Each structure stands twice: as structure tokens, then as C-alpha cells.
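Read through the structure below, which is laid out as C-alpha cells, and then see the notes.
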Amino acid sequence: MKYIFGLGNPTREYAGTRHNIGFDAITKLSDVYGISVNEKRHKALCGKGIIAGQKVMLIKPQTFMNLSGESVREVLDFYKADVSDILVIYDDICLAPGQLRVREKGSAGGHNGIKNIIAHLGTEEFARIRIGVGEKPKEWDLKDYVLGHFPAEEEPLMREALSDAAKACELFVNDEISAAMNLFNKKKKQENHESVSGTVTGDK
């Protein structure tokens with residue numbers, strides 16, 4: 001069994017925001033593979049199904065972003081799963097809108113949801129897909145930016161990113177994450193945006 005976590009914040013007020021792109025990725029997988037994600041357990045909404053011939057569980061932690069590790073830890077403990085069996089999908093403001101970055105392991109990079117997961121697991125060695133949401137304009141507050149919605153011109157990029165993320169998940173569940181990295185870590189032409197440095201800190 002592979003366990004795919006999409007990070008975000010529960011409740012309607014956060015739906016469709018940049019910080020909830022991980023939730024949107026799980027919804028995309030749910031739609032593509034016909035996996036219902038509505039079972040409440042492990043401090044999350046969960047659903048079991050099949051992706052690319054492999055058993056998977058799709059998971060949306062309901063703890064709010066900064067406590068995501070509580071749900072991840074509970075899932076691993078309950079199913080006696082290994083860290084190598086999990087994949088975490090989340091937003092990254094250091095990548096242009098729609099750009100993907102697939103990794104087998106790595107630091108939190110300032111993302112509080114990932115910081116909490118690392119704290120609960122005691123390791124950085126778990127697979128992840130970062131989905132670029134664009135860097136914060138200088139005049140914006142970081143919290144307001146990540147809790148804001150995508151402008152109309154970025155929506156096609158984000159739809160494409162979610163489709164790409166679903167394909168990357170197919171490769172992950174078949175233990176082909178290196179192939180996913182080679183396929184999706186290429187810099188997209190749309191990545192010519194003015195940017196500033198910053199990291200996602202989360203809101204809750």
C-alpha cells in the first residue's frame with residue numbers, strides 16, 4: 001500500500017487557496033481514479049483505491065497545515081507502514097505557478113506543514129511533490145498571499161500542474177520516482193516571472 005498525503009487547511013474558507021493545492025491534488029486523484037475520499041479517520045479524510053494497478057490510500061489531513069505530522073504519524077503507526085511508502089504533496093512559493101518539483105527526500109524549506117511532518121517522523125527521507133504557486137510580491141503579507149486565490153491567468157497552469165502531479169503519483173506508486181523526477185522537474189517556459197525570496201510559513 002502507498003499513502004499519498006495532500007496538505008492543506010480544512011473548512012470552506014480555505015478552499016481553492018494557494019496553500020491548499022495539496023488538497024486539490026488529492027481531489028484530482030480522486031476524480032481521475034474514482035477513489036472516494038470521505039472516510040474520517042487518522043485525523044484526516046481518507047479513501048482507498050487503485051492507481052496504476054497498485055493499492056493506495058489518499059489522505060487529506062484535517063489538523064490544519066501546521067499540525068499535518070499528527071495525521072501522517074497516525075497513519076504510519078496504524079498500518080505499520082514504512083516512510084518509503086508515503087508521498088506528500090504541497091505548495092511551494094519558491095517555484096513559479098504550475099512548476100513541479102519531485103524529490104525522494106529533503107528539508108522543510110520553510111514550509112510549516114513539512115516541518116511538522118519531519119518532527120513527527122524524525123526523518124526528512126520521504127518522497128514529496130512540491131507544486132509551485134508563485135513567489136509573494138514584495139508588498140504582500142506572506143499569510144495573505146498563501147491564503148489567497150489564484151488569478152484567472154494562472155488557473156490553466158495550475159490545472160496542468162494537478163494533471164502532472166497525478167501522473168507523477170502513478171510513477172511513485174510503482175516505485176519509479178526517479179522517472180517522475182526526470183519527467184517533471186524540468187523548468188517550464190512559463191517560469192519567467194518577477195520574484196522575491198521567501199518561504200511558506202503557513203497560517204495555523
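What to note about this one:
- Considered as a group, the residues in the stretch 114-134 that are in a loop (DSSP other than H, G, I, E, B) and among the small types (G, A, S) include one that is farthest from A180 (Cα to Cα), and that residue is G122.
- Residue check for T63: β-branched (V, I, T) and open to solvent by 60 Å² or more (accessible area, probe 1.4 Å): no
- Residue match in the stretch 95-104 (condition: among the charged types (D, E, K, R), open to solvent by less than 10 Å² (accessible area, probe 1.4 Å) and outside any helix (DSSP H, G or I)): no
- Among the residues of the stretch 74-88, those that are part of a helix (DSSP H, G or I) and either acidic (D, E) or exposed (fewer than 11 other Cβ atoms within 10 Å of the Cβ) (or both) comprise E74, D77, F78, D85.
- Some residue of the stretch 70-91 being of a type in the set (G, A, S), at pLDDT 95 or above and out of contact with any Phe, Trp or Tyr (no Cβ under 8 Å at 6 or more places or on another chain): no
- Pairing residues of the stretch 69-89 that are within 16 Å of R128 (Cα to Cα) and among the acidic types (D, E) with residues that are open to solvent by 50 Å² or more (accessible area, probe 1.4 Å) and modelled with pLDDT of 95 or more, at Cβ distances under 8 Å and at least 6 apart in sequence or on separate chains, gives D85/M1.
- The set of residues in the stretch 157-185 being open to solvent by 40 Å² or more (accessible area, probe 1.4 Å) and β-branched (V, I, T) is empty.
- Counted residues, the stretch 1-51 - those being part of a loop (DSSP other than H, G, I, E, B), touching a His at 6+ places or on another chain (Cβ under 9 Å) and not small (G, A, S): 2
- Qualifying residue in the stretch 15-38 (condition: of a type outside the set (A, V, I, L, M, F, W, C), at pLDDT 95 or above and more than 20 Å from A166 (Cα to Cα)): no
- Residue ID - nearest to I93 (Cα to Cα), chosen from residues in the stretch 21-50 that are touching a residue at least 60 places away in the same chain (Cβ under 8 Å) and open to solvent by less than 50 Å² (accessible area, probe 1.4 Å): I21
The values are calculated or read from the model by the stated rules, or taken from the named source; none is laboratory data. What you see is a predicted model, and the numbers here were worked out from it, not measured in a lab. Cβ sites come from the backbone with ideal geometry, for glycine too, and all protein chains shown count toward neighbours. Accessible surface areas use protein heavy atoms only, side chains included; no ligands, DNA or RNA. Shrake-Rupley method; radii C 1.70, N 1.55, O 1.52, S 1.80 Å.
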